[in-house]
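Before any comments, here is the structure.
The values are calculated or read from the model by the stated rules, or taken from the named source; none is laboratory data. Computed from a prediction, not measured in an experiment: that's the story for all the values here. Using ideal geometry, Cβ is built from the backbone for each residue, glycine included, and neighbour counts are taken over all protein chains shown.
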Amino acid sequence: MNQPRMVFCKKLEQELPGLPFRPFTDSFGQELYDKVSLQAWQMWLKESPRYINTYGVDLQTDKGKEFLRQQMRVYFGFDQGELASTAWKPTDGGEGGEGGTPAA
């Protein structure tokens, strides 16, 4: 049985199984492959629709792709800055998961 490829995850700051693929074919995809764990990637996949829905991001446009890519760079810790606000707010003070409510 093959052992998973391990990476030191930039987001979670621990050694974890890495992505089994490069999510993009450019240098950023390689950076994600080298420095982001599968667990952190799955967290992003749950988080990213909040940005898409709040800002009406059209991922077929260069502007939409660049917006989401920049959010991703900040989310994973490759760039400094704050993530854009989303309409979703947790009800229990936790991060992600079920039970959130839209912001008023």
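Could you grab me the full set of residues in the range 48-67 that are surrounded by fewer than 18 Cβ atoms within 10 Å (Cβ to Cβ) and assigned to a helix (DSSP H, G or I)?
48, 49, 52, 53, 54, 55, 62, 63, 64, 65, 66
Take residue 3 and tell me if it is out of contact with any Gly (no Cβ under 6 Å at 6 or more places or on another chain), of a type in the set (S, T, N, Q) and modelled with pLDDT of 95 or more.
no
For the range 24-47, which residues satisfy the criterion of being exposed (fewer than 15 other Cβ atoms within 10 Å of the Cβ) and either touching a Gly at 6+ places or on another chain (Cβ under 7 Å) or among the basic types (Lys, Arg) (or both)?
Result: 46, single match.
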